[in-house]
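Have a look at the structure below, then the notes.
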Amino acid sequence: MSDFSLKIALFPAKEKSKETSPDHTGNIEIPAAQLEEFIAYLRSAEPEADWQDNPVLKLQVSAWTNEMKSGKQYLKGQIQKPYKPQETAPAQSSSTGGLPF
């Protein structure tokens, strides 16, 4: 399975009609060429518990402050499957020279 990298952009809200209105709004872009990889991940990922112990699928989000041509700042980033270090194989015993017998 290939990796996927979704792009996000969050722009400052033009106006807040009330205190609970979002500070930033934007979109997630899923490249059509990566759609199958993204769906395969969603189908095969092992759920984890969230802070309320509900099963959830997690995605890693990274964001950077960027600047528009107009000088206004926005958040630009990407969404990927969570990084998990690969498990290392146990060391072979030196008494057999690393051979399986």
Mind checking which residues of the range 39-53 are out of contact with any strand residue (DSSP E or B) (no Cβ under 9 Å at 6 or more places or on another chain) and in a loop (DSSP other than H, G, I, E, B)? ALA45, GLU46, TRP51, GLN52, ASP53
Would you please name the residue that is farthest from GLN78 (Cα to Cα), looking only at residues in the range 2-38 that are assigned to a loop (DSSP other than H, G, I, E, B), touching a helix residue (DSSP H, G or I) at 6+ places or on another chain (Cβ under 8 Å) and not β-branched (Val, Ile, Thr)? SER2
Scan the range 48-77 and report the pairs whose first residue is under 15 Å from PRO12 (Cα atoms) and whose second residue is part of a loop (DSSP other than H, G, I, E, B), with Cβ atoms within less than 7 Å and a gap of 6+ or a chain change. TYR74/MET68
Selection status of PHE38, in contact with a His (Cβ under 7 Å, 6 or more places away or on another chain) and in contact (Cβ under 8 Å) with a residue 12 or more places away in the chain: no
Given the criteria over 14 Å from LYS81 (Cβ atoms), in a loop (DSSP other than H, G, I, E, B) and of a type outside the set (Ser, Thr, Tyr), does LYS58 qualify? no
Any chance the range 62-79 includes a residue that's on the phi > 0 side of the Ramachandran plot, at pLDDT 95 or above and not in a strand (DSSP E or B)? no
How about the range 1-41: which of its residues are within 13 Å of LYS81 (Cα to Cα), among the hydrophobic types (A, V, I, L, M, F, W, C) and surrounded by 12 or more Cβ atoms within 10 Å (Cβ to Cβ)? PHE4, LEU6, PHE38, ILE39, ALA40
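The values are calculated or read from the model by the stated rules, or taken from the named source; none is laboratory data. For clarity, every value in this text was computed on a predicted model and none was experimentally measured. Ideal geometry is used to build each Cβ from the backbone, glycine not excepted, and the neighbour counts take in all protein chains shown.
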